[in-house]
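First comes the structure, then the notes that go with it.
Quick note: the coordinates plus some simple rules give every number you see, no bench work behind them. As the structure is a prediction and not an experimental result, all values here were calculated from the model. No Cβ is skipped: glycine too gets one built from the backbone with ideal geometry, and neighbour counts run over all protein chains shown.
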């Protein structure tokens, strides 16, 4: 018995030992360091226990720590751009790993339309921007982050207002009347600007629709620039395609990050205007030249002697501009198992505008979830919801009675007072001979213009792995919606000039837009021997629906209820409007990528689009493309060329289309007409345009020749592309005989050409294998584009858009065959009549006639008056002397990025610029006229006087010279070089519960080198207008921004 008991005791001891050993193994802790082949620590390597959700990532020093279930556990190490490794734990407690770069990947995988390819396999022209670059720049909208990051892409911030519009041109503008903006595709879903409600007509502009999307959600941006890459989007690909991939979860433990910053904004460039004394003195000289009594210090005691204003001037800019705050906060949770990954992001962004009482706020939520349901079914869902609300400044718009805050601050002289004697706001400018415009400070303080936009973008991608049918075959079924709802309400009280005569004006506008999309794709990937095929074929269906309207009323008893009691208004201004439109599109698409021996690459693409927008005879169009590439460095004869890491030749040609215009342009439509019959309002409908059953899309043919080089193990990389684009069947309203009952018909008419060269070079100048050593990398990008209208049959050269400014009587750009789009054609300014000899000079012209060498443009011209070039030398100034006076298209644009690291510090410097573009500075028609008509710029003090004759600035006159606004006097060189952004960061040593911690400071728009005299040379007051480019009139100024931020990961 005792032996049996002893035996059980021994077995128990053994079992206890085994159990304790098992428990010990269950708590086994593994630590180590992950490095590259250059002995550099790798940050953010995913370390996961294979087959579980247990995981971690390496810290700043490449270190990791993880607990594993037992000694049979397998650790999997994965890192983008490196070959993954799997290690069985065994009895080891320390496992150090060296990851090897995946040379076959040649840097990274690039997202293209309906798929991805290795960068080495690209046959088209595609620019990539990663999230690391975007995070260095505080942005309101994602399109701002593209500027200077992609060769061949021109980005213009047309307004400095929070949420202001941005214009993007990929390799120039292709159209005169359709949209020239690129197509945006977010996680495979094509999106537009979304709903935007119409606001008040007095100078307030709509927000940029892309501001509803949080730019901090972006993982990468790819820009498809040539037909090979963009033809897969068919009739929407002519202007390029911007593919946006948002951040998704990765296998591993839940990772929590916080990214936030706080910033201070100030006006980047305040305009220097005459002070009160200088303006009053100039005004009195103008009065003397006009033969009237002095304005200041004269009979009207309201306007004092000029010296009074030495210390009693009103600085209108100081009143409306302020130091403004901005801040951004984002929390992200991501992680998951091999079967389910998730990334959930919440963001809040707030930006006060530098104009008082203007701001923008955005709250957004994004959830990206990926699930593997079985070995052959997976589902990917993406959902983003946002609310954007803003107070919009009355900035852009015409001057005078329609002028907004910016116009008033620059046009009203500093001798004008802000308040009346009773303490109320003065409503309008009252200076003698001055422009009729409202008090800008009162308008900014009292007027209201609020915009609210709700937006939801949701899509689901169900993928079936059909390997059981044939290896490499898969089916994807995608469905999604983009729903946006915008509301805008504004009120101009009776206490501001713009609302005074109407006893208050209230406006309510609304817009609801819904987009529904279904895509069905078959994909096939197969490698056999030296051959590799990657193919996609699909059917897509899209439906768009939009409802919008606006009502304006006036005549309120008081301003207490503002626009919240529109029923109490006595008058409806105009007719309330409402409208609805819809469109449908069905498409077949296909692409084949063929790779032979990693040397010879072929891409064939085609898409057939059927759209309800076009005429019954042209509902369908086909857009094919073909591309070839040769990786020369993979040839056997290049094996000894160690100095050359990569060399690839590319060529592509194809067709893309443009359908960015109204849904019902091809069909007949009716307009409402109202008449007073016997005291009663009678309403009827009548045709307003002639139908065109042959209307079709504009088609752009695109040739691209590219060359990619890599030297010194790809430390030095060089890319250059030449392109030639020709757009035919331009959409245009062509004049037709009035006997048809109509004046014009919307039809395909004319051709336009763009050609250019773009190049980029990047160089890792200083690299090191030692942790913390100094490194330096630099990237330089250059782009030039030449645009020309080739033909516009039966279209008379002229200015098709009418007035840029009604009160200045200045018309817009000139359209004519053989010239670029956007040029201006007017009189050539030639200085002033400096002396009598100049006025009396004569010449003998080609006809043998003796005529004035410098003819007067007005009979009242005298010494000090403006003079203009008599180009045809007929002795008079008339329309025969018009010439091209400016071109808004730049000779070239460029950017230069430098990144430095040293120990825990990182520094990034970003410079961009535009050279050779002209600007139509319409403001010169007011504050450079040397007249009491409006406040004048400081540099106008060099005006002509009998004692200052050698100048090109006219003598002061009571009224501006009528020809000055219609001449090259209004054109300025808009070239600039700007320190766009500089960021200095520091990564702190890792603490126990913190995976990474980085603090940074940045400065944006720190300084600009330019000769332009306006607020900012990067401007276009006409927003995304195709024909009116480079116009500056009352634009909301750019701000200089200083920020401090933090990036934390737990």
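Give me the one-decimal nm value for the distance between modelled label points at residue 119 and residue 65, 7 Å along each residue's Cα-to-Cβ direction.
3.5 nm
For the range 824-876, what does the alpha-carbon gyration tensor say about shape, rounded, prolate or oblate, given a ≥ b ≥ c as the root eigenvalues, a/c under 1.5 as rounded, and a/b over b/c as prolate?
Working: a/c = 2.13, a/b = 1.16, b/c = 1.84.
It comes out oblate by the Cα gyration axes.
Determine, from the Cβ-Cβ distance of residue 671 and residue 93 and an R0 of 56 Å, the FRET efficiency 1/(1 + (r/R0)^6), rounded to the nearest 0.05.
Numbers: r = 82 Å, r/R0 = 1.47.
Efficiency, from the Cβ-Cβ distance: 0.10.
Neighbouring Cβ atoms within 10 Å as the yardstick, rank 961, 749 fewest first. Walk me through the intermediate numbers first.
Details: 961 24, 749 19.
With the fewest neighbours first, 961, 749 line up as 749, 961.
In degrees between 0 and 90, to the nearest 10, how far off the longest principal axis of the chain does helix 276-289 point, with axes built from Cα atoms?
Taking the Cα atoms of the chain, the angle to 276-289 is about 40 degrees.
Can you give me the convex hull volume of the Cα atoms of the range 961-1050, divided per residue and expressed in Å³? List each step's numbers first, then the result.
Values: hull volume 11.7 nm³, N = 90.
With only Cα atoms used, the range 961-1050 gives 130 Å³ per residue.
Give the Kirkwood hydrodynamic radius (Å, one decimal) of the range 420-515, defined as one over the mean of 1/r across all pairs of different Cα atoms.
Values: mean 1/r = 0.0546 Å⁻¹.
18.3 Å is the Kirkwood radius here.
Please compute the modelled spin-label separation between residue 445 and residue 460, points set 7 Å along Cα→Cβ, answer in nm with one decimal.
5.5 nm
Provide, as a two-decimal number, the C-alpha radius of gyration of the range 507-567 over 2.2 N^0.38 Å, N being how many residues it has.
Numbers: Rg = 26.8 Å, N = 61, 2.2 N^0.38 = 10.5 Å.
Rg over 2.2 N^0.38 Å, computed on Cα atoms: 2.55.
Using only the alpha-carbon atoms, how far is helix 2-26 inclined from the longest principal axis of the chain? Give it as 0 to 90 degrees, nearest 10.
20 degrees
List 338, 278, 880, 445 from most exposed to least, where exposure is judged by having the fewest other Cβ atoms within 10 Å.
Values: 338 13, 278 19, 880 10, 445 16.
With the sparsest Cβ surroundings first, the list reads 880, 338, 445, 278.
What distance in nm separates the simple spin-label points at residue 86 and residue 774, each placed 7 Å from Cα in the Cβ direction?
Modelled inter-label distance: 4.5 nm.
Using 0.36 nm per residue, how much length does the chain from residue 835 to residue 849 gain when fully extended, once their Cα-Cα distance is taken away? The partial results should precede the final answer.
On the way: separation 14, 0.36 × 14 = 5.04 nm, distance 2.38 nm.
Stretched fully, the residue 835-residue 849 segment lengthens by 2.7 nm.
Pairwise over distinct Cα atoms, reciprocal of the mean inverse distance: report the Kirkwood radius of the chain in Å, one decimal place.
32.4 Å
From the Cα gyration tensor of the range 841-939, with a ≥ b ≥ c the square roots of its eigenvalues, which class applies: rounded if a/c is under 1.5, or else prolate if a/b is larger than b/c, or else oblate?
Details: a/c = 4.69, a/b = 2.32, b/c = 2.02.
In terms of gyration-tensor shape, prolate.
Among 133, 305, rank each residue by its count of other Cβ atoms within 10 Å, from fewest to most, as a rough exposure measure.
On the way: 133 19, 305 15.
Fewest-to-most Cβ neighbours within 10 Å comes out as 305, 133.
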